[in-house]
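Worksheet: the structure to be examined is printed underneath.
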Amino acid sequence: MNGVSGRMGYRQHLVRSILAIREAGGIELPDGSRLTVRPLLVGRSAAKLADLAARHGIEDYTTDLDAALADPQWEIYADFLVTKARATALRKAIAAGKTIYTEKPTAETVDEALELARLAAAAGVKTGVVHDKLYLPGLQKLKRLIDSGFFGRILSVRGEFGYWVFEGDWQPAQRPSWNYRAEDGGGIIVDMFPHWNYVLENLFGEVKSVYAQAAVHIPERWDEKGERYTATAEDAAYGVFELAGGVVAQINSSWTVRVDRDELVQFQVDGTHGSAVVGLFGAKIQHRNQTPKPVWNPDLADDHDYDADWAAVPTNEVFQNGFRQQWEEFLVSYADGTPYPFDLLSGARGVQLAEAGLRSSAEGRRIELPVLSLD
């Protein structure tokens, strides 16, 4: 596990996924046997790794990635590095024949991301890319609604994601400063468009084109040392996505918005037979038979309670941490030797959408996305 001293690598992948699986005694397989996990922590700081290992009862850690990749007892390489360092490490893991599980974006450019996917395929290496948003309780409820035919024909998707990230002068910023420097791989399009790609293509249809407008709303920020710096990466992006089948999706992504919605991410899906509004956990619906008949009259105050026209979708099952759920699915797929859909090619499509979004904003036009292939 390379990069576990970072926020996501530590909290979601190490503690809430791999260590949680270890503490549960592994994963029960269909034949009744159990798949167990043993982590090897890899990083640049021996002191940080030793502290993490002692804190969580982990026996193995090293600062020597090459030696770890050369050791046959470690079967899976998991990457949670910053984006700029990821492709180099993934190439080494592919050359070593390791199974790969990695965060996204998988590379800085679509050409590099596609190259990695092709290298892995040629080497016969199984790969998995984190698609955590699909495992959110709200989106799992949405998937049930889609599969049941609740919406009829889906017309549109509208998404709002984001919150106010403090500039860092009078209150510390809650995101690392590199997020706002393009030269360090920052920017909300690179961060979020890969998420929107797999959410859209797995729930509604593959993305055929994108029009995006990026903005640097806050031009100056303060870093972790309290020093002022110029923000060179966009902190907001407003995207329109054309999907296969004619669905139109609009998603606003912003670190410069104050939240007036139930959750930090919220999607509204409208169809001919019904609509739904879903977030991280919650989901509510309105069927065509329960839809009110509003009349626009700007001369009179509207006292209709529109919120009351929606019904909550019940939570009929226990949802576990989404990162852990995907880890378990990937590990079982690895043990059984079955195909895994969220691979490096899927990751490359996410990078493709981010690259197209940046190009669309720079050129002020709609960008079509060609189909990516390993051929």
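The values are calculated or read from the model by the stated rules, or taken from the named source; none is laboratory data. Model, not experiment: these values are computed from the prediction. No Cβ is skipped: glycine too gets one built from the backbone with ideal geometry, and neighbour counts run over all protein chains shown. Areas reflect the complete protein model, heavy atoms only, side chains present, ligands, DNA and RNA absent. Shrake-Rupley method; radii C 1.70, N 1.55, O 1.52, S 1.80 Å.
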**OP:** Only Cα pairs under 8 Å and at least 6 apart count here; give the relative contact order of the stretch 194-313 as a rounded whole percent.
**Re:** 16 percent
Original post:
Per the Debye formula with a single identical scatterer at each Cα and no solvent contribution, what log10 I(q)/I(0) holds for the stretch 79-210 at q = 0.20 Å⁻¹?
Top reply: -1.22
Original post:
Under the Karplus relation 6.51 cos²θ - 1.76 cosθ + 1.60, θ = phi - 60°, what is the ordered set of whole-Hz ³J(HN,Hα) values for the stretch 294-309, x standing for Gly and Pro?
Top reply: x, 10, 6, 9, x, 8, 10, 5, 9, 9, 6, 8, 5, 4, 6, 7
**OP:** For the stretch 1-49 and the stretch 302-359, compute the distance between their C-alpha centroids and round to whole Å.
**Re:** 21 Å
Subject >> Per residue accessible area in Å² of the chain, where ligands, DNA and RNA are left out and the probe is 1.4 Å >> reply: 49 Å²
Original post:
Per residue, what volume in Å³ does the convex hull of the Cα atoms of the stretch 312-375 enclose?
Top reply: 172 Å³
Subject >> Total formal charge among the other residues, if their Cβ is under 14 angstrom from that of Asp307, Lys/Arg +1 and Asp/Glu -1 >> reply: -4
Subject >> Cleavage-rule hits (GluC sites (Glu not before Pro)) in the stretch 224-291: DSSP loop, at most 12 neighbouring Cβ within 10 angstrom >> reply: Glu224, Glu227
Original post:
When you count, for each residue, the other Cβ atoms within 10 Å and take the mean per peptide, how do 23-35, 320-332, 99-111 rank with the highest first?
Top reply: 99-111, 320-332, 23-35
Subject >> Considering only the chain, percent of DSSP beta bridges that pair antiparallel, nearest 5 >> reply: 70 percent
Original post:
Expressed as a rounded percentage, what relative contact order does the chain have, with Cα pairs under 8 Å and six or more residues apart?
Top reply: 21 percent
Original post:
Do any trypsin sites (Lys or Arg not before Pro) in the stretch 86-164 lie in a loop, going by DSSP, with at most 12 other beta-carbon atoms within 10 Å of their beta carbon, and if so which?
Top reply: Arg153
**OP:** Mind ranking 311-317, 67-73 by how tightly packed they are, going by the mean number of other C-beta atoms within 10 angstrom, highest first?
**Re:** 67-73, 311-317
Subject >> Hz values of 3J(HN,Hα) by residue in the stretch 40-46 - Karplus curve (6.51, -1.76, 1.60), Gly and Pro given as x >> reply: 10, 7, 10, x, 8, 9, 5
Original post:
When Lys and Arg each count +1 and Asp and Glu each count -1, what net charge do the other residues less than 9 Å away from Ala249, Cβ to Cβ, add up to?
Top reply: 0
Subject >> Where N is the number of residues in the stretch 247-375, Cα Rg divided by 2.2 N^0.38 Å >> reply: 1.47
**OP:** Just add up the charged neighbours of Tyr180: K/R +1, D/E -1, any other residue whose Cβ is under 10 Å from the Cβ of Tyr180.
**Re:** -3
**OP:** Could you work out the Kirkwood radius for the stretch 1-64, taking every pair of different alpha carbons, averaging 1/r and inverting it, reported in Å?
**Re:** 12.3 Å
**OP:** Could you tell me how many degrees, from 0 to 90 and to the nearest 10, lie between the Cα long axis of helix 83-95 and the main elongation axis, the longest principal axis, of the Cα atoms of the chain?
**Re:** 50 degrees
Subject >> Neighbour cut-off at most 10 other Cβ (10 Å), DSSP loop, trypsin sites (Lys or Arg not before Pro), the stretch 202-271 >> reply: Lys225, Arg258
Original post:
Hey, could you pull the Cα Rg and Dmax for the stretch 1-129, both in Å?
Top reply: 14.8, 43
Subject >> Most to least accessible of His195, His273 (protein chains only, probe 1.4 Å) >> reply: His273, His195
Original post:
Can you give the charge dipole size of the chain about its Cα centre, rounded to the nearest 20 debye, using +1 on the beta carbon of Lys and Arg and -1 on the beta carbon of Asp and Glu?
Top reply: 360 debye
Original post:
What is the set of long-range amide H partners of Phe166 at a cut-off below 5 Å, with H atoms built 1.01 Å from backbone N?
Top reply: Gln174
**OP:** Considering Cα pairs under 8 angstrom that are at least six residues apart, work out the relative contact order of the stretch 244-375 and quote it in whole percent.
**Re:** 12 percent
**OP:** Starting from the Cα of Lys92, draw a straight line to each of the lysines and keep only those under 24 Å, dropping any in the same chain fewer than 8 residues away.
**Re:** Lys48, Lys84, Lys104, Lys126
